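Comments concern the structure below.
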Ligand code: SF4
C-alpha cells in the first residue's frame with residue numbers, strides 16, 4: 001500500500017460512518033435493495049456488469065417475475081433464458097446464471113464469498129457482493145466504481161493494465177475500509193458513490209461524503225485517476241445480410257459449443273449466403289442500409305447490414321417469424337437493426353413481455 005493508502009486505515013471508522021449516512025439518504029431505490037436475497041443479488045450483479053442500471057432494471061423485474069428463485073430458474077430451458085437475456089449482451093453471464101441455479105437449487109445456499117467463487121462464472125466481485133449483501137460477510141466488493149473512488153481518495157497515480165488488475169491492487173485497502181457490521185450497505189454505498197458522485201469525467205467533490213479523506217478533492221486532475229495503459233484497438237468489417245421473406249427473417253444460430261455467443265441467433269454474414277448449396281457463384285443483390293461501430297474489448301467492429309433479395313440456404317440457417325424474434329434469442333444489436341430497418345408494418349413489437 002502507498003503512504004496515503006496506509007494513512008486512510010486509521011480513519012476507516014469515520015470514513016465508513018460518513019459514507020453510510022450519505023447512502024442512507026441518497027441511495028437509489030433499486031428492486032434488489034428493497035427485497036434482498038442471494039438470488040436477487042446474483043441476478044442483479046450479473047445483469048449490471050457491463051450494462052447500465054437503467055437498462056438492466058426492466059430485465060431484472062421481468063426475470064424475477066418469471067423465475068423468482070434458483071429453484072424455478074434451474075428448471076428453465078436454456079433457449080428461454082437466452083431469449084430473456086437478449087439485449088443485455090455478454091450471454092455467457094446468462095448461461096452461467098442458469099448453470100449456477102442448477103447447482104445451487106435444492107441444497108443449502110452457500111454463505112461465504114469463497115464458497116460462491118467456487119462456482120463457474122462467479123468471480124471475486126460477484127462472490128463478495130452476494131456474501132456481503134445477502135449474508136453480511138465483511139468482504140469488500142471492488143468493481144470499476146470502487147476502483148475509481150479508491151484511486152482518487154488515495155491519490156494513486158500508478159498506471160494499471162485494466163480494471164481487473166486495478167481491482168486486485170485495491171482489494172487490500174477496500175477490505176481494510178469495509179464496515180464489519182454493515183458490509184452489504186458499505187459495499188453498495190461505495191459503488192453508488194462511484195456511479196453518482198465520484199463520476200468518471202466529472203467528480204462532484206462539493207457533495208462527496210468522503211471528501212475530507214480524499215487526496216485529490218476539488219483538484220482539476222481528479223478526473224484523470226485512475227490511470228490505465230492505452231489500449232490498441234483493431235478494426236474489422238463484417239457484412240451481415242437481412243433477408244426478409246413472407247413475414248420471416250433468416251438467422252443463423254451459433255452452435256452450443258461455440259466460443260462466441262453459443263446458442264444465440266444472429267443475422268447471417270453476407271459472405272456465407274448463396275454459396276453453400278449449389279456451389280455456383282452467389283446470386284446476392286445487396287444494398288447497404290446502415291453501419292454501426294461498437295467496441296468489443298479491444299476490437300472495434302464496423303458492421304454493414306445489407307438487404308438481400310435472393311439467396312441460397314444451407315443447414316445452419318433458420319427462418320424466424322418477425323413477431324417471434326424476441327423469443328428466438330437474436331442478439332441485441334441484430335434485433336435492433338431488424339427493428340430499425342424493416343418497414344414499419346413488418347417490424348417486431350418493442351418491449352414484448354417475457
Ligand atoms: S472528493 Fe471528489 S475525487 Fe475525491 S472521492 Fe469525492 S468525488 Fe471523488
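Read-outs throughout are calculated quantities, based only on the coordinates presented, and are distinct from any laboratory measurement. The shown structure was predicted, so the numbers you read here are calculated from the model rather than taken from an experiment. Glycine also receives a Cβ, built like all others from the backbone with ideal geometry; neighbour counts cover every protein chain displayed.
General observations
- Cβ crowding within 10 Å, taken as a proxy for footprinting-reagent exposure, orders 235, 51, 331 from fewest neighbours to most as 235, 51, 331.
- When only Cα pairs below 8 angstrom with a gap of at least 6 residues are kept, segment 3-228 shows a relative contact order of 24 percent.
- With the simple model of a label 7 Å out from the Cα in the direction of the Cβ, residue 212 to residue 90 spans 3.6 nm.
- Across segment 40-55, the residues whose backbone nitrogen lies under 18 Å from the label position 7 Å along the beta-carbon direction of residue 204 are 53-54.
- Spin-label pair residue 159/residue 30, simplified geometry with 7 Å Cα→Cβ offset, distance in nm: 3.2 nm
- Pairwise FRET efficiency - residue 230 versus residue 176, Cβ, R0 = 35 Å, nearest 0.05: 0.70
- Approximate spin-label separation residue 245-residue 341, in nm, with each point projected 7 Å along Cα-to-Cβ: 1.7 nm
- Overall form of segment 3-228 per C-alpha gyration tensor (a/c, 1.5; a/b vs b/c): prolate
- Packing, taken as the mean count of other beta carbons within 10 Å per residue, orders the peptides 52-64, 221-233, 144-156, 260-272 from highest to lowest as 144-156, 260-272, 52-64, 221-233.
- Residue exposure sequence - 70, 170, 135 - by fewest surrounding Cβ within 10 Å: 135, 70, 170
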